[in-house]
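Here the structure comes first, spelled out in structure tokens, and everything after it is commentary.
The values are calculated or read from the model by the stated rules, or taken from the named source; none is laboratory data. Computed from a predicted structure; not experimentally measured. Cβ: placed from backbone, ideal geometry, glycine included. Neighbour counts: every protein chain shown. Ligands, DNA and RNA are stripped out before the accessible areas are found, and what is left, the full protein with its side chains, is counted by its heavy atoms. Shrake-Rupley method; radii C 1.70, N 1.55, O 1.52, S 1.80 Å.
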Amino acid sequence: MKWLACLSLLVLCISCEFNPLHERRLEVAIAKEHPWKEGSHRPLWHTLVYFDASGSLKRVHLEGGTTRASVTVKREGLTVLCAYPLSNLHPYGGFFYPGCELPVVLTQEQGRLAGLLLDVYAYNAQAIENLNGELLTELAPDTGLLDTSNLLVDLLNGTVDQESLTPKPTLSITLADLPAGNWVSERTGRQSFYFHYGDTISLEAEGGVERWWNQEHQLCLTLFADLIQGTFSTSLSKAPLW
């Protein structure tokens, strides 16, 4: 009877902290160092965001140089995770679902779609948890060229059609009157450039927000492009510190 009582107590303690029937501990890894680290020689810190097994929003601070973390999520269904450099730069994103490869590797290519799904999770959690993780992984790299409003509606309704998956053309943009210096894109694979006084720079923009960092002047250039309306806006601000 004594061993039975001890076993019951152990099960009770485990159930209070971790329920292996409904939860699992998961390791996530950030795929690559941020492009801004190369110029600054300082690793960026991140905010890891996800919904845990109880459906509560979690924000975990990852110190600069930390690229792995262990989290507890629902065992079944889809879990969306994002690691935001400096809390609000373009996220590294990823998806956990039964049968996926582990650890879950967070990439910039999956960040935009993962961030959009996290933003609407609280409004329709069950629909997101029922999404096909493999499909999302395939869609993610092209999200910047899609009508994300229609795509989200279709994903949550389970009726993704060809119109939602048809990429929009990039938006041709010319930049002028910038402070001179090297402007480094926040995103791997996107165009960085050196700007001379009197120059103009031509870019092909995807939809949404993109930023460039100028170390010489400690400035951040933010571009917002709307592929549906064919418009864009830019702003200059002080660069974030880290």
### Task
State whether the residues of region 162-172 include one that is over 27 Å from Glu76 (Cβ atoms), of a type in the set (Ser, Thr, Tyr) and touching a strand residue (DSSP E or B) at 6+ places or on another chain (Cβ under 9 Å).
yes
#### Entry: Condition check for Ala125: more than 30 Å from His217 (Cα to Cα), touching a strand residue (DSSP E or B) at 6+ places or on another chain (Cβ under 9 Å), crowded, with 17+ Cβ neighbours inside 10 Å and touching a residue at least 24 places away in the same chain (Cβ under 8 Å)
no
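Residues are listed down the side, and each one gets a yes or a no for (1) open to solvent by 80 Å² or more (accessible area, probe 1.4 Å); (2) of a type in the set (Lys, Arg):
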{"position": "Arg187", "(1), (2)": "no, yes"}
{"position": "Gln191", "(1), (2)": "yes, no"}
{"position": "Tyr197", "(1), (2)": "yes, no"}
{"position": "Gly207", "(1), (2)": "no, no"}
{"position": "Leu221", "(1), (2)": "no, no"}
{"position": "Ala239", "(1), (2)": "no, no"}
### Task
For Thr143, indicate whether it is over 21 Å from Leu44 (Cβ atoms) and among the β-branched types (Val, Ile, Thr).
yes
## Note on the structure
Out of (1) open to solvent by 70 Å² or more (accessible area, probe 1.4 Å); (2) among the aliphatic types (A, V, I, L, M); (3) not in a loop (DSSP other than H, G, I, E, B), the one Ile228 does not meet is (3)
### Message
So, in region 167-181, how many residues would count as being out of contact with any Phe, Trp or Tyr (no Cβ under 7 Å at 6 or more places or on another chain), surrounded by 12 or more Cβ atoms within 10 Å (Cβ to Cβ) and without any contact (Cβ under 8 Å) to a residue 60 or more places away in the chain?
### Response
4
### Query
Is there any pair with a first residue in region 81-98 that is farther than 15 Å from Gly133 by Cα and a second that is assigned to a strand (DSSP E or B) and small (Gly, Ala, Ser) whose Cβ atoms are under 7 Å apart and which are 6 or more apart or on different chains, and what are they?
Pro91/Ala83; Tyr92/Ala83
### Message
Residues that are touching a helix residue (DSSP H, G or I) at 6+ places or on another chain (Cβ under 6 Å) and farther than 30 Å from Ser237 by Cβ: does region 107-120 have at least one?
### Response
no
#### Entry: Residue count for region 128-159, restricted to those that are farther than 22 Å from Ala205 by Cα, surrounded by fewer than 17 Cβ atoms within 10 Å (Cβ to Cβ) and not polar (S, T, N, Q)
5
### Summary
If we ask which residues in region 67-103 are more than 16 Å from Leu26 (Cα to Cα) and either surrounded by fewer than 20 Cβ atoms within 10 Å (Cβ to Cβ) or β-branched (Val, Ile, Thr) (or both), their number turns out to be 3
